[in-house]
1. Length gain on complete extension for the stretch ASN65 to ARG78, per 0.36 nm per residue less the alpha carbon to alpha carbon distance?
2. Are any of the pairs LYS85/LYS125; LYS59/LYS125; LYS90/LYS125 more than 24 Å apart by Cα-Cα distance, and if so, which?
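FYI, it's all coordinate maths here, none of it is from the lab. Keep in mind that what you see is a predicted model, and the values were worked out from it rather than measured.
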Amino acid sequence: MSGGYTPLEGESDTRCDPFMTDVFLVGNMMLKHFIDGDTSDLRSQFGIRGLRFLRPLAKDMARSNPSKRPIIDEVVNRFTALVRKIPPRKLRSRAISMEIPFILIPFFALSSYKSWTRSVLRTGKPAIPLRVS
């Protein structure tokens, strides 16, 4: 990883594949804003609990060598496979910042379940909409 928000190929004057650059940027965003957090950004410095299962995919997407990054179709397939392994109840659980002390998490989960989640569970809607081909 370049360690920043700009892929290494963007720092030179050589031509590069813009699609691989997009894959890098999305992977880096996933790592810095959702999975690990970013200490340089006060809004997302802690990351979000429960998204560590995405780390291997995000790390592959943020590789410094563009030829070793997965293409977007592979990213979608891997993401779909990862999500299918997770129970629906876990997918519906509230996203909580790692900044929140562990002891308070049940209170956040309970308030979320009482309002929104219960109504969605009754309708039978999937937690993540299915991809329409």
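1. Values: separation 13, 0.36 × 13 = 4.68 nm, distance 1.95 nm.
Contour length minus the Cα-Cα distance gives 2.7 nm.
2. LYS59/LYS125
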